[in-house]
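*Asks:* Can you keep this structure in mind? I'll have questions shortly.
The values are calculated or read from the model by the stated rules, or taken from the named source; none is laboratory data. Note that the structure is a prediction, hence the values are computed from the model and not measured. A quick note on method: Cβ atoms are made from the backbone with ideal geometry, for glycine too, and the neighbour counts reach across all protein chains shown. Keep in mind that these areas ignore ligands, DNA and RNA; they rest on the heavy atoms of the full protein, side chains included. Shrake-Rupley method; radii C 1.70, N 1.55, O 1.52, S 1.80 Å.
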Amino acid sequence: MAFSITLPLLALSLSISFLVPTSFSACSLHSCQLSDACSSNDDCAAGLYCGSCPATGKKQTTCTRAQAIQPASIVNGLPFNRYTWLVTHNSFSNVNEPSNTGVQRATFYNQEDTVTNQLRNGVRGLMLDMYEFDDDIWLCHSFQGQCYNFTAFEPAINTLKEVETFLTENPTEIVTIFIEDYVHTQMGLSKLFTNADLVKYLYPVSDMPTNGKDWPTVTEMLAKHYRLLVFTSDASKEASEGIAYQWRYLLENESGDPGMVPGSCPNRKESHPLNSGYASLILQNYFPTIPVESDACKENSASLAQMVQACYNAAGNKVPNFIAVNFYMRSDGGGVFDIQDRINGLALCGCSSIAACQAGAPMGSCKNTAPPSQTPPSSGGGVYSGTLQFSFPSSSFSLQHVSPVTKLHHILLIIVLLL
């Protein structure tokens, strides 16, 4: 059966449709399309994986979308702030990441695959929490500005080198990094990006537009090698290290549970109001305070589409440029990828999906595209390396074989994170 959600975004119809089969189909060997029943990843065509979403009542495994269409590959020549890009919240917080400190990790997880895989699948924004730890800068999912051996993931340079490799191998791509910044060492971030060989791609702060002005076109940014935008939550870093203070250049809604209230889209306290026009980039967060893997497929489907509409209204009829989610590949069908396609299609060419846009054609001149049950165009991205079956409970904390002191630290962490 089919069901749809209709949103009047941009005074047009934003219809998010998911087809749910009632019985297993006969397709197999990479021939199953979006929403076809499947038994393994090998059944699904390129750009899809086999998963389920019990949180929406969809217990049968079906082929689910896992890759984004890059909008600038179809409609180019527009300012960077005209496009919508996919962002992963706590991109480094991979449930499959082994401990790099010799101590069992006890923290919350937000993603299920590596940053490299995220980028290959079409993610173009990374949220990274950077802390000082073990005489270095680490990515850490912690609290009160301090990283511990049981909340640490890996040295930040490891992830930044993944970004450098991706940008070097993909010369027409642009990546944005949002840093939750707890680094206090003088010039610490500057040295980090230099050591990761990323300075060659950095968009200089001196050239960034302010006061709501348009950004250069994607074509212009590529020509100047401005292919990495980096924003920090520490306002002092803009003057001391030349790293852009996030809320001077972006408007942002509340994160966590306050940003998930239906019909409401309040701005984050550090940000100017979404409808202020203070900046031309808008970041929309949509993830709960406490991440639950098995709920993410529901969060990244119809409710996300509805929140996009609420934030569009709150921003004075402006679409988000970045959409940040947990467990980005989880959905009950097209998920965040389908929502991103529809926003870009409506905003860039007046079509129901970016896949229907035609390069150089007038606004509203759309080509026929495959129905929602067909595989979207593949960008040749990475494979899904996370968990395939979405019927298990959320990640749990195992405190067996842990010393009493460390166990106490873990318990205190959990209590603090739950407050």
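*Asks:* Using a 1.4 Å probe on the protein heavy atoms only, what accessible surface does GLU180 show? Give it in Å² to the nearest 10.
*Replies:* Here the accessible area works out near 70 Å².
*Asks:* Of LEU304, ASN326, SER352, which is farthest towards the positive pole of the range 288-355's charge dipole, taken about the Cα centre with +1 and -1 on the beta-carbons of Lys, Arg and Asp, Glu respectively?
*Replies:* SER352
*Asks:* Among ASP197, ASP43, what's the order by accessible area (1.4 angstrom probe), most exposed first?
*Replies:* Final ranking, largest accessible area leading: ASP197, ASP43.
*Asks:* Here's a follow-up. Would you tally the net charge around CYS32, using a Cβ to Cβ cut-off of less than 12 Å, leaving CYS32 out, and scoring K and R as +1, D and E as -1?
*Replies:* Summing Lys/Arg as +1 and Asp/Glu as -1 gives -3.
*Asks:* Separate question: For ASP134 and CYS27, calculate 0.36 nm times their separation in residues minus their Cα-Cα distance, and state this gained length in nm to one decimal.
*Replies:* Stretched out fully, the ASP134 to CYS27 stretch lengthens by 33.3 nm.
*Asks:* What number comes out for the charge environment of GLN60, summing +1 per Lys or Arg and -1 per Asp or Glu over other residues with Cβ under 12 Å away?
*Replies:* Combined, the nearby Lys, Arg, Asp and Glu give 0.
*Asks:* Cross-link candidates for LYS191: which lysines have Cα within less than 19 Å, leaving aside residues fewer than 8 places away along the same chain?
*Replies:* LYS161, LYS200, LYS237
*Asks:* Could you calculate the contour length gain from MET363 to PHE143, that is, 0.36 nm times the residue separation minus the distance between their Cα atoms, to one decimal place in nm?
*Replies:* 74.4 nm
*Asks:* If you don't mind, another one. Note the full-extension length gain between THR165 and SER99 as 0.36 nm times their separation in residues minus their Cα-Cα distance, in nm to one decimal.
*Replies:* 21.4 nm
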